[in-house]
Structure formats: structure tokens, C-alpha cells
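Here is the structure we will look at, set down as C-alpha cells.
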Amino acid sequence: MSATVTAPAVGRSEAKIARRETLGRLVRSKTFLIGSGVVLWWVFWAIAGSRLTPYDPVAQNFASLQPPGSGHWFGTDQLGRDVLSRVLAGARDTLEVAPLATLIGIVGGTTLGLVMGFFPGLVDEVLGRMIDAFLALPLIVIAVTALAAVGHSKWTLIAVIGLVFTPIVGRTVRAAVLGERDLEYVQAARLRGERAPYVMFVEILPNVMGTIIVEATVRLGYAIFAVAGLTFLGFGVQPPSPDWSLQIADNYALLNARNYEWTVLFPGAAIASLVVAVNLIADGLQQVLDR
Amino acid sequence: MSAPALELAPKAEGAVPALELEDLDVVYTVRGRDRQVLRGVTLTVGRGEAYGLVGESGCGKSTAALAIVRYLPRNGRVRSGHIRIDGQDVLARSGGDLRTMRAEAVSMVYQNPGTALNPAIRIGKQVAEVFTVRGASRAEATERAFESLKLVQIADPSSVMHRYPHQLSGGMQQRVVIAMALAKDPALLILDEPTTGLDATVEAEVLDLVAGLQAQLHTSVLFISHNLGVIAKMCARVGVLYAGRLVEEGPVETVLRDPRHPYTVGLLRCIPRGGVRKDHGRLDTIAGFLPNLGEDLPGCVFAARCALAEDVCHTEEPPMHQVAGGHLSRCHFHERAQTLPREESADLELPRVDRGASPLLQFDELGKVFQQRGHSVHALTGVSAAVWPGETLGLVGESGSGKTTLARTLLGIIEPSEGKVSLAGQQLAERLSQRSTDEVRDLQIVFQNPDAALNRRHAVRRILRRTLYKLAGLGGAAADERMLRLMHSVRLAERYVSAKPSQLSGGLKQRLAIARAFAGDPKLVVCDEPTSALDVSVQAAILNLLVELQAERQVSYVFISHDLGVVRYVSDRIAVLYLGRLMELGPSEVVFDGPHHPYTEALLSAVPTIDGGGRERIKLEGDIPSAASPPSGCVFHTRCPRVLGAICEETEPPLVEVEPGHLMRCHIPLEELRRLQRAPTETVRA
Amino acid sequence: MYRFLLKRVGLALITLFLLSVIVFAAAQLLPGNLGRNILGPFASAHDVAVYNHEHGVDRPLVSQYWTWISHFVRGDLGESLEYNVTVGSLLGPALVNSLKLAALAFVLVVPISILGGVAAALRRGRFADRAITIVGLSLTSIPEFVTAIVMIVIFGIALQWLPVGATAPPGSNFLVQIKYLLLPSFALVAVLFGYIARITRAGVIEALDADYTRTAYLKGLGARRVIVKHVLRNALLPTIAVVATQTGYLIGGLLVIEKLFNYNGIGQRIYVAAQFKDFTLLESGVMIVGVVYLVATLVADILYSVLNPRIRVGGVE
């Protein structure tokens, strides 16, 4: 029996060390930390909502269009509402809609991608053509058209965005699956008599998980982007929600008078901070998980 | 023309050596820590000399090449030492001086010629660049590029110059790269695994070309390879590199005949050579694992694995000792290096194969045609053979021979276009999904690349238990017990049970793959290049394992490999494939010693062996024809050096039993072949 | 190469066909019947039926589709339900406006992004690379109307360099029109820069790491020559594909920007049509956007195959 010398001791601990190493690298990534920090800040405010804001976000009691100053750090808007309170409370609706829509897109897209990647030939071709046709249109056009038809509510918004994301995620997952499908371990599984669902979900899926996680965070960023745009157009979240895009939509015409920037800049900054934060998290994850 | 190993060019008094490495230390910075990859390497390549640098993976040989041309990756640097090319200090140069040195004094040819050429630029322009960088005009450079291509024996240089790299075959691409390298008549030519990945016959062409050019131009060559056979053929002196240290150096025949370092001794014992077969006993192995790149090794770098090691070896680094003129060894005990005890006992009991019994596996007239971009590719045509219980059928052939297609057809991964396969008398369904669990369990495979063949997300336990469950119907405690026994039988230590494949070395991964194949106690295992991706010392252990398992369990193998020494060691019978057709089938000594098929003859002469000498190399013209349009008549007639004439062009010879147990597909009668192949300088050409 | 192109064009036509079916089917799925929607809840059932018959909505679906598509291909896009003029007369000028804005944004963003991507790749891992990547990433993620508003505040209000609206007074010359389009273009550049620069960067890095780059350096070529002649030729191919995919967004997807700047582009038309449920206008508008995208990607594919020798010339001879 050949002596086994100085081979590193491997066991359960080794797997744990590997996981801890991944987490460690994540924590050391500045982009990941900053992104997570900002997102957690907004999640806190989404949960706390109007209970902790200095003033009631929908109360119209104050003098309208006051510039930022003491008492109203962010000023007041056209209807005399405190901008700071509205900005703090505005996270909730977006953070309700976007993650759910992303989840639908990921689950649907992963299944679609696995099926398309695993069954080449007619199924893949036909589905692929249909997806290409569908994705010839910009997301916002599809969403606006669909929402015009089915009406706007939070749930239709979630459904429509989730539905549009499904083929996009499907394409990415399909590409990852194609990369795995020709590797011999898949053939080895077939040589054990494994059936297709087992091979797809137990053999291949764990190997494309990294791609899916990164895609999920990127999609989340896009979801927030999409919700913001649609709300601005009036097809998304409805008033009197203190949603940021609604604030901008309400007040942007004022810019023509070359004044009153605070009514739109602060909510704008809030959107920017959230969406950039999510993308920073995605960037951090990609650097660590990329295999 | 096969060149003998080059003799040292007569050294003029005070002639400056082409390359001098002096106490070279190279480190890579990984995650903030410095890892030493080359330790105090000192070597000299004289004018017109060919020096071979040999070692396994992680020894640092490629790093040495990159350091010489100052192209280390961003995290690598030369920590100390000197590099001189043609007397000029390389490390002191930068900017324009460095470019001048690269343009004039040194050239490098490395593995994978396809990627070395820019896919978006025509060949002519790329070769001409070698001259324009030295100030030649466009017209002059084109002219000289033409000459360079002629120098490497490319038949139609102007048409090749017009093409893009992807339009050339692998061998042709490597010629172009060599042309670019030698066009500037450099003082030093570095070759880093230039023929790895090329077919045996193509490799032989390229090596002959390099040897010929080297003799013609008196270029000094640093030849880096893991293959001792190639080094023996091409080089006058050799240096053995282990863990970044030069452990032995000297004239090639001396080092190979009379090694004086335990590592060299062990390495030479691992390689199946001189026609040794499994009947003669186990291959020897080297204990332990190859050190990782840049690992910290106190004392002698080899001490941890050396059976001769004593206390002093672990504490004190040995200096280079002079064994004889020009032969050096870095070992405290170099005088008794060859007394290195065997790691593995040579004794091996192999049961005889009972040819009287009915065959285990039989395939008849297997054929497969693929549709590729509108062309019909004939991957297999009319291949028939049988495998008996407990025997190994070796499958030999170059690219396009169909050996991989044959393996996959047997397993049911690919459906044949014609023919059938039977196991233990029962015909097997064409498609894997239609076969019974028993049939699937009895016929398994070990793949070449263990990284791709094992699911990197599943732990060892999961892989084995699942296989046991599906193939042997075992679960729970019974499965655990069987799993441990399996791991024991492949020498995979129990503590790896929770590891994932990415945490295991190449050899361990392959053991796991073998364990998986044997989980259901198969009757036949197809081994598709199982050791080609492994280092030599690891390969020996895996081959031993396979042979032991065969002895214990009477399992049969269909063993595919391009390494003829390995195939000869492991196989009872050998089948030679060319362009999807079976050219020869017979007992391994008969096929190897002759008389044999002209293709087999050429193949054997093309492979460089450590023992060298013997065969006169038979040159095969041109490239392997495409399987989309196979030649008429005998498919080998376009390249056959013994072609008879019209008959070979018009009629495909049938596969005929020319002597008991020996089949051949050739028009030349056996006695004629026997006569011709005994006197190798005679050829028959009508 | 020609076989490849023929296949590509064929594929594009099929996709176009599928798109038209999807758009048509989607329009059919919209709830309610046409006559009822237009005439309102108080019209009599008889009037609604007459209206529906006049507009052919009670015929079988396939023949409705055929009528629609055959007219569309000939340029007859029907009549807008809201405005009672031909759809063509509404979408025509809108399309032209969208093309103008897209062209300006394109001309600005492509060179800047490629330069940014190449610069980041050449200084890989160093500060400049991280800076360009993070800035690009951040700008891309911010919704375009937010960026636009910031630009308006800075350039339009604070510095007063540029006009706040996007539509120049009628009859203005070329340069004045451009001046008005600059602000929205800047916003678009901000949105697209990160993505295109990232793809370019990845392409350049892959080419820099390739063996053929090593061969070039080891021939003694200088860095500038290696990068320009050897690296970029291979590195920029993915960028072409990516830029093409953005045209759909640039031409039809600017609903938000056009609303913000009150600019009469196709996006604006689609938006208004959706709001007022003007389905003929909506159908045709969406279809045009899809067609533009498919044409753009087809052009990109052709360009790619011309520039990539592996496709332009055959295989091993």
C-alpha cells in the first residue's frame, strides 16, 4: 500500500473551510459591503415605514415648496408634504414589488433554461425563436402594453415584470447549462440509469448555481429600475404612495421654472442609492462566485 | 531522415554559451505570500547544443521558459540570479533593448499552435512581422516570409500565406510557428511542449523538422517536455527538474542509463519501457504526492518522498555533486541512488485468459456516420471484434481513427448506424436508455479527464453511494460498508469521504472515477485514455491499480490510449484503427514485434522511446485524410510507404486472419511483410 | 460566409413573423370588445355590433391577422382610434425624431465606452480599472430619468448651458437641434456607458491573455503595435453585438426620457396609445420597434461575420 504522505487532511472541516473562505472574501470586498449596507438601510426603512419618520409622509399640512432648512431638512413639495419623510418612507413599495418579481423570473427562468439547455433540438429551437421574438422589444414597451391591457395594481406589476424576466433569465441559465451538458459527469450519470429530471436538477443545477445567484442580483437591480420607470409613467405603483418615482413624476414639471430642485433630487438620490447598492452587491458576488 | 541525438558542436575557445542561468530564483505572489517556484536553478546551453529540461507538473519548467523571455505573469518575478543569452544580461534590459533581444536573439515555440497564431490576421502577414520589426520593408519581409515557409517544408507557401490559421491543420500550424521562430536565426530557441497534443505521426514529422533545422542552422535549443522519450530523441544533455530545483543533469544517454538521483531513478522505473508487459510484474511508483507549485520544502526537495532519505536529507539541502565529467546530481547519497528500494512489489498473479470459453463482449460490423454541416463523416466502418473475460483489448489509433466513437457506441451513449453489440451472448439495445439495469451495470467506463468526469459539487460519499444505489441497489448501512470497501480497493483513504473532487489531486480523482466504475461490479470497463491527463509517476500507480483489479475480479478492459508503451504494458490483444476501420487485430507481442500492418509499422516508428535506437523512422507523407471523404480502396493507401499500386487504390482489402489470432487488412501477404520489415531499409514501391 | 448570412436572414424573418403573431395575439387578449371600448358603456348593443362589423373584429382571428399583416407590410398601418388619422402619419414623424435622438446618443456613447473599456482593461486590477468599472456600473443602474433630472439640474438650471426641453423650435437648423438633444443624450450615454464598457473590457482582457498576444510580444513588437494590430481586432467583436442589442432600447424604449423632456418620439407615442387604449396605434408602434431591433441585430451579425475570418472564410482545406 503506497504511503500517503503530507496530503492535506480532508473531511467535513475542509468543506466548511471552503465555505468560510468564500464568505470571507465576500466580506473583504468593499463593493459588497457598501452595497449590503445601503440595502439594509433601506430595508429597515421599508419595514419601519411611516412610524419612524419625522412627519407623516402623506400629511399635507405644511407650507408648500419650502426649500430645505431647519424643520424640513429636505424641504416640502407642491402639496406641502415633508420631503424627508416621504423619501424615507418611499422604499417600501419598491422593495415589495421588485424582489417578488425577481423571484418569479428566477424560478421560471431557471426551469426554462434547464429544459432548453438539456433538451436540444426541436424544443430548444422553437422556444429559442419565440424568446428571440419576445425580447426584440424593450422591457418597458412590453410592460406598458401588458399593463395597459390588464390594468395596474401591485400584483399585475409583479406578474408582468416577473414574466418578462423569465425568458431573459432563461437565456443565461441555458448558456450555463450548455457549458455543463457535454462534460462527462453528465454522461456518467446517464450510465447509472439516471432519468432526465434527476440529471437536470441534482447533477447540473448545483453547478450553475453561481451563475443563477449573480443573475438574481442583477435582475433585482433591473426590477427596481423597471418599477421606477413604470411608476414614473403612471403604470406602476399608484398614489398616494410616497414612492420615489411618484414624487419625481409629481414634481418634475416644476423644473421648467428652473427652481424647486429639492423636490426631485432627493427622491432621485434615494432611487440611485438603492439601485447602485444592489448592483454593487451583484458585482461583489460575481467576483467571488465566478468559476 | 531521423537525426541521431545531436552531438555538442565543437566549442571554439572562449565561445559564449547561448544560454546561462545562474542561481535563478523565481517567485509567484499568491494572496500576499511569496511562493518559490524556481530555486537556484543553474544551467548552461552551449552553442549549437540541444538541452532538454524535463519534469512533471508543478516542477517549474514552463516558468523557467517564461522567465528567460521576461514574460512572467503579473504576479511572478525573478527574485535573484542571472539570465544571460549570448552573453547579454537579460534581466538588466527593458523597453527597446528588451524588444530588440526578443526580435533577434531568442524565439519561443510552445504548445497548442492553433492559439499561438492570431486568428484574425493572415499567415503571410504574421510571419512577415518577424522581419518588419527589424526594419525590413513590406516587400522584402514578404519575400523572406516565403523563404521561411519553404524552409519548414511547406509545399505551397504562397497559398498558405494567404490563409488564416483556422484553415490549416495542427501540424501545419506548428510548422508556421516554427518558421516564425527560426526565421530570425536566433541564438536560442526555446521549445515548451511543442508536440503535446499532436498525433504521433504528425509529432514525429515536427520533431524531425526541428532536428533537421537545428543541425542546419546550428541553433541552440532549450527543449522543455515531460516526455523523456522525446527528450532522448532530440537532446544531447538533459536536466531533471523537481519542485523548482535542478536535481540531476548530464548527457542524455548517461542520465537515462545510469541515473544518480532517487527521483530520476524512480521516474524511469515508472515508465513502461522496453516492451515490458503486465505479465512481467507491477510498474514501480513513487510514494507520496507531487508537491504543489511553490510549496515550502525544507532540506532536500525530494526528501519527503525518498525511500533512501535519512535525517540529513530533511535538514540540509544537498549541493550539486559531480558524479563524472558533466554528470551532476543533487543528492547526499548519489552513489547508491540506484539501490532505491522498489515502492511496489513486482509480484503480480495474473490469471490466464481462457480462450476456449465464449467471449464476453462481441461487436459486429459496427458503423457510425455523423452528419456535420452537410457532410457525412464516416467515423466507424465495419469494425468487429470480441473481448474475452479477464482480458484487456488495447485500442490504438490517431485522431479520426474512431476509437472514441467506438467506445461510446459500445456503451450506448451513441447509437451506431449499423452493426450490433452483444454482452455475454445477449444483444444490447442500441440506446443506453433502453438497456436493462444489469446491462448498464456490467458495462462501465473510466474517462480521460477526471475534472470533467466527476461532478465537482458532489462529495465522494455522495458520488459513490448514489452509484451503489442505482447499480447495486444498495442503501443505508450496507451501502456505507460497500463504499468503504470500494475506496479501500482503489487505495482512496477513508478520510476523503467528505471531500469534493476539486479538493483532490489528479491521481486521487481518477481513483474515485475507477471506484465509481467498479461500484456495481462490472464485467467490462472501457478505459478511455485514463492516464493521459496524469503525470508519469501518478500514471504508474493507476495502471497498477487497473491491472490489480483485473487480477482480483476477472474484469475485462477495452483500453484506449495514444501512448504505445502504456498500451503494450496493459493489453493482451491490440486493435489498430485508422480512419474508422480496423487495420489490425492480434496478440500484443505479435502486433508490436511484427510482422505487422504498414500503418502499425509507421506508428511504432514514429513514437520516440527512451531506449531509442532500433527502428528506422518511416515517414508518412501528408496529413490524416478527412473522415468526410475517405480515400478509395484501402483508406491508408494515400500515405502508405509500402503501397503496391493500383490494387491498393481500387480495392479495399478485407480483414483476414493471416495467422492464428492475428487479423490484418492489407493486400501484402504476411510472408512478404515479414521479409520487408526484417530489412527496414528496403521498401516496395511500384 | 454566404450560407451563414442566408441562414441569419432566414432566422430573422422567422423571428419577425413570430413577433407579429405575438403582438397580434397580445392585442387580441386585451379584455373587452373594441366597439364597447370606443363607443362607451351607454351605446346600444346594435351600434356596438355595427361598429365591430365595420372594423372587421367579428371575423375569424386568422383572417384578421392576415388583413393586418398584409396591410402593415405595405405601409398601411390603419387608423388611430383616438385621433382618427392614419397611424402612419402619427408614427412617421415620431420615428424620425427617435432616430435623431438615438443617432446622437449612439455617436456619443460608442467611442466613449470603447475607450473606457479598453483603458480599464489595459490597467486591469489597478485603480483606473476599478474606478471606470464602478462608475460605469453605478451610472448604468440608475434609472435614466433620475440621471436626466440630475443633468437638467446641473446643466439646465445651475449652469444654464443647455435648454431644458428637448424639442427645438420648428425650423431650427441642424446645430440648434443638436443642442436641444444634448441633455437627453447625456442621460442615455450615462445609462449605456457602463454596460458597453464592461463588455469591451472583457473582450480586451480575453485577447490580452490569449496565446497569440504572447506570440506578438515575443516577436519583439512594441505594446502599441500589439494592442492596435493584434488585440483590438479580436477584442472588439463582442462589442459590436452588444451595441446592436441596445438599438431597440434607444429607439423604442425611451418612454421615460421622452416623457420627461416632452419629446415626440415613438416611445412617447406608444405610451400615450397605451394610456388611451388606442390599440391600432399601439400594435403598429410596438411592431415597428421590434422590426427596428431585428434589423439592427441582423446588420450587426453581418458586420460580425465580415470581420471574423472564421466565418468569412471556410475551414481547413
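Every number in this text was worked out from the coordinates using simple rules, so none of it is lab data. What you see is a predicted model, and the numbers here were worked out from it, not measured in a lab. We place every Cβ from the backbone using ideal geometry, glycine too, and count neighbours over all the protein chains shown.
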Across peptide B:120-133, what mean number of C-beta atoms from other chains lies inside 10 Å of a residue's C-beta?
4
Got a sec to turn the phi values of the range B:629-644 into Karplus ³J(HN,Hα) couplings, 6.51 cos²θ - 1.76 cosθ + 1.60 with θ = phi - 60°, whole Hz, x for Gly and Pro?
9, x, x, 6, x, 6, 5, 8, 5, 5, 10, 6, x, 10, 4, 7
Which residues in the range B:137-169 have a backbone N closer than 13 Å to a point placed 7 Å from the Cα of residue C:312 along the Cα-to-Cβ line?
B:163-165
Can you work out ³J(HN,Hα) from phi for every residue in the range B:73-85, in order, using Karplus 6.51 cos²θ - 1.76 cosθ + 1.60 and θ = phi - 60°, giving whole Hz and x for Gly and Pro?
x, 4, 9, x, 7, 7, 7, 7, x, 10, 10, 10, 10
If one compares the long axis through the Cα atoms of helix A:12-28 with the longest principal axis of the Cα atoms of chain A, the angle in degrees, nearest 10, works out at 30 degrees
Footprinting exposure proxy for C:17, A:165 (fewest neighbouring C-beta atoms within 10 Å first):
C:17, A:165
Kirkwood Rh and Cα Rg combined as Rg over Rh, evaluated for the protein assembly as shown:
1.02
P(r) histogram, all alpha-carbon pairs of the range B:361-577 included - 5 Å bins from 0, percent
1, 7, 15, 19, 20, 16, 12, 7, 3, 1, 0
Pseudo-spin-label distance residue B:364 to residue C:245, built 7 Å along Cα→Cβ, given in nm, is 5.4 nm
In cubic angstrom per residue, the convex hull of the range C:33-172 built on its Cα atoms measures 236 Å³
Between residue C:7 and residue B:92, what FRET efficiency comes out of the Förster formula 1/(1 + (r/R0)^6) with R0 = 56 Å and r the beta carbon distance, rounded to 0.05?
0.50
Can you pull the one-decimal nm distance between simple spin-label points at residue B:626 and residue A:51, each 7 Å off the Cα toward Cβ?
7.4 nm
Work out from phi, with θ = phi - 60° and the Karplus expression 6.51 cos²θ - 1.76 cosθ + 1.60, the ³J(HN,Hα) of each residue of the range A:223-240, listed in order in whole Hz, and give x for Gly and Pro.
5, 4, 4, 5, 4, 4, x, 5, 5, 4, 7, x, 9, x, 5, 9, x, x
Quick check: the distance between the Cα centres of the range B:157-199 and the range B:62-112, to the nearest angstrom?
21 Å
Taking placed amide H atoms and a strict 5 Å upper bound, the residues 5 or more places from residue B:90 or on another chain that come that close are B:83, B:84, B:85
What FRET efficiency comes out for residue B:30 versus residue A:153 if R0 is 60 angstrom and r is the Cβ-Cβ distance? Round to the nearest 0.05.
0.65
Radius of gyration and Dmax for the range B:333-419's Cα atoms, expressed in Å?
20.6, 65
Lysines with Cα under 22 Å of residue C:219, excluding same-chain neighbours fewer than 8 positions away
B:61, B:125, B:150, B:184, C:229
Cβ-based charge dipole, the range B:262-339, positive-most Cα from B:331, B:299, B:314:
B:331
Sorted by Cβ neighbour density within 10 Å, fewest at the top, the residues B:148, A:245, C:89
C:89, B:148, A:245
In units of 2.2 N^0.38 Å, what is the alpha-carbon radius of gyration of the range A:85-201?
1.34
Quick check of the Kirkwood formula: for chain B, what is the inverse mean of 1/r over all pairs of different Cα atoms, in Å?
27.1 Å
Per residue Cα convex hull volume in Å³ - calculated over the range C:214-259
84 Å³
If one compares the long axis through the Cα atoms of helix C:279-307 with the longest principal axis of the Cα atoms of chain C, the angle in degrees, nearest 10, works out at 20 degrees
Using only alpha carbons, build the gyration tensor for the range B:594-683 and give me the equivalent ellipsoid semi-axes, biggest first, whole Å.
22, 18, 12
Charge dipole magnitude, Cβ of K and R +1, D and E -1 - the protein assembly as shown, Cα centre, debye nearest 20:
2280 debye
Using a cut-off of 12 Å between beta-carbons, work out the net charge of the residues near residue A:43 (Lys and Arg +1, Asp and Glu -1, residue A:43 not included).
0
Summarise the long-distance tail of P(r) for the range B:529-686 by giving the % of C-alpha pairs beyond 24 Å.
40 percent
What's log10 of I(q)/I(0) for the range B:286-330 at q = 0.14, 0.23, 0.28, 0.30 Å⁻¹, Debye sum over Cα points only, no solvent?
-0.39, -0.88, -1.04, -1.08
Which whole number gives the average count of other chain Cβ atoms within 10 Å of the Cβ atoms across peptide A:227-240?
3
Might you report the magnitude of the Cβ-based charge dipole of chain B about its Cα centre, with Lys and Arg at +1 and Asp and Glu at -1, to the nearest 20 debye?
2040 debye
Most mobile of C:244, C:45, C:166 in a GNM of chain C (Cα contacts under 10 Å):
C:45
For a footprinting-style exposure proxy, rank B:316, B:584 by other Cβ within 10 Å, fewest first.
B:316, B:584
For residue B:368, which lysines qualify as cross-link partners when the Cα separation must be under 18 Å and same-chain residues fewer than eight apart are set aside?
B:403, B:420
For residue B:578, other-chain or 5+-apart residues with amide H closer than 5 Å (H placed, Pro excluded) are B:583
Per q in 0.11, 0.16, 0.27 1/Å, what log10 I(q)/I(0) does a Debye calculation on the alpha-carbon atoms of the range B:113-185 return?
-0.21, -0.45, -1.34
Using only Cα atoms, what is the ratio of the radius of gyration of the range C:105-212 to 2.2 N^0.38 Å?
1.28
For the range A:11-289, the Kirkwood Rh over every pair of distinct alpha carbons, in Å, works out to 21.0 Å
Assuming a ≥ b ≥ c are the square roots of the Cα gyration tensor eigenvalues, decide whether chain C counts as rounded (a/c under 1.5), prolate (otherwise, with a/b larger than b/c) or oblate.
oblate
Between C:175, C:137, C:13, find the one with the highest GNM mean-square fluctuation for chain C; connect C-alpha pairs within less than 10 Å.
C:175
Given R₀ = 41 Å, what would the calculated FRET efficiency be for residue B:494 paired with residue B:649, taking r from the Cβ atoms and rounding to 0.05?
0.10
Once Rh is set to the Kirkwood radius over Cα pairs, what Stokes-Einstein translational diffusion coefficient, in µm²/s, holds for the range B:183-225 at a temperature of 25 °C and a viscosity of 0.890 mPa s?
224 µm²/s
Equivalent ellipsoid semi-axes, the range B:262-339, via Cα gyration tensor eigenvalues times 5, rooted, Å:
25, 17, 11
Which cross-chain or sequence-distant (5 or more) residues have an amide H under 5 Å from the amide H of residue B:163, H modelled 1.01 Å from N in plane?
B:123, B:124
